[in-house]
Every structure is written in structure tokens, then in C-alpha cells.
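For reference, the structure discussed in these notes is given below.
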Amino acid sequence: MRYTERLWHSITPIYDAILRHPFLRRLTDGSLSQGAFEFYVVQDAHYLRYYAQCLSLAASKAPHDDWVVTFNEHAKTAILVERSLHESFFEEFGLTPERVYATPLAPTCVAYTHYLLAVCYARPFHEMLGALLPCYWIYWEVGKELEKHGSPNPLYQRWIDTYASEAFGSVVREVLTMTDAIAEELTDAQRTAMQHHFVMTSRYEWMFWDMGYRREVWPV
């Protein structure tokens, strides 16, 4: 069994819960409120700025030159390509970039981004990779699953198409290949640490959609 297969098996209950979440079910059938989707997209725009920083940190610690190049390219993509997707939504919502980036981060967005930053600054490359992988992989799997049904809402379908696309899939496969390659060089203890971060950020992925559905605010 490839190490990535073992990783995916470890989050089966989490992924099943993600697919059952009403945010994604209603995004698929078109009944998700625009307010919830708008809230989610604004928070995701904030998240991607931090995620791009983490990808650059991964590039700085990557053990192979081609991996350095790959993660720097992925950081650029997170900023330029996904921001372009978000800004197309903002235009639909009548939101300016200034208003978007003036919006405070929701509690879950703060927690998730700070967890990633803490791992990426302080931990070795293989642990960083474990923490970063769910954002790639879960979105691809979710995109492919939702693509089977599609959405009657064209905005939601555009979101689905982005993450179900072959272009995004090729990016994910690059990271999966890296993960299997580096796992061969690790001790059992190191693989366990890598899996720990993979499970933790997979939980944050569920929480991020839940945050959007509830339009989470600070309680005090």
C-alpha cells in the first residue's frame, strides 16, 4: 500500500462527514444561500494568502531542487489563479477587494491558518507536507464527487468545475508523488508525525465549510 493510500484511509470518517455536510449538499442542489457562499469565499480568500506563504515556506525547506520550483509555482498559482476565481465571485456579489480584505477573519479561519503557519515555520519538511496536503487533495476529491451531479447554480458550478478539473488534478498528483517519495525515507515515528498533521488539517477542512455554512462570528 502506498503511503498516500494509508493517509487517505486515516481520514475516511472525516471525508465522509465532509461529503455529508449541508454546505456541500446544498451547493450541489443549488439551495445553499448566497450569503453562506459569499461568507465562505471571502474567508477562503484570506486563507489562500496564508496558504501561499506556507507553500513558499515549503519551497524553502524542500529537499530537491525540482520540489523547490514546484512549491514556488504552486504559491504563485494560489495567489493568481485562485484569486482570479474568487474575484469573479466578488464581482458577482458587488464586493470590492478593499472590502473583502477589510473583513475580519472568522475564528476557524484564524485557527486553521495559524496551525499551518506554526507547522511550516517550526517543523521539518515532511510534517509540513502532511499539513498542506489535505487542502490540495480533499478539494480535488470533493470537486470530482460533486461534478457527478453538478449544480443548477452557475456560480456554484464554476466552483465545482475548478476543483474537478484536470488542471487542478495534475497539481494534486504532483504533491501526492512527492508525499510517497519522501515517506520511503522516513522512520515510522516520522511517518506518524506526518499523518498526525494530515488528520488535523483534514478536520480543519470540515470546519472551514461548517464555518461558511454557519457564517461563523466571534462570540465575544
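The values are calculated or read from the model by the stated rules, or taken from the named source; none is laboratory data. What you see is a predicted model, and the numbers here were worked out from it, not measured in a lab. All Cβ positions, glycine included, derive from the backbone under ideal geometry; neighbour counts span all protein chains shown.
Structural remarks
- Restricting the search to helices (runs of 4 or more DSSP H) fully inside the stretch 10-70 and requiring at least 1 residues that are farther than 26 Å from His149 by Cα and either at pLDDT 95 or above or of a type in the set (Lys, Arg) (or both) gives 34-61.
- Scanning the stretch 84-100 for residues that are part of a helix (DSSP H, G or I) and of a type in the set (S, T, N, Q) yields Ser84, Ser88.
- Only a single criterion out of (1) touching a helix residue (DSSP H, G or I) at 6+ places or on another chain (Cβ under 9 Å); (2) in a helix (DSSP H, G or I) is not satisfied by Thr192, namely (1).
- Scan of the stretch 188-220 for residues that are over 19 Å from Arg20 (Cα atoms) and surrounded by 21 or more Cβ atoms within 10 Å (Cβ to Cβ), ordered by number: Met194, His197, Phe198
- Positions within the stretch 34-83 being in contact (Cβ under 8 Å) with a residue 24 or more places away in the chain, hydroxyl-bearing (Ser, Thr, Tyr) and surrounded by fewer than 21 Cβ atoms within 10 Å (Cβ to Cβ), in sequence order: Tyr50, Thr70, Thr77
- Within the span defined as the stretch 196-217, every residue fails to be in a helix (DSSP H, G or I), over 17 Å from Leu48 (Cα atoms), touching a Phe, Trp or Tyr at 6+ places or on another chain (Cβ under 7 Å) and without any contact (Cβ under 8 Å) to a residue 60 or more places away in the chain.
- Residues of the stretch 24-33 include at least one that is over 27 Å from Thr177 (Cβ atoms), out of contact with any strand residue (DSSP E or B) (no Cβ under 9 Å at 6 or more places or on another chain), surrounded by fewer than 18 Cβ atoms within 10 Å (Cβ to Cβ) and not small (Gly, Ala, Ser).
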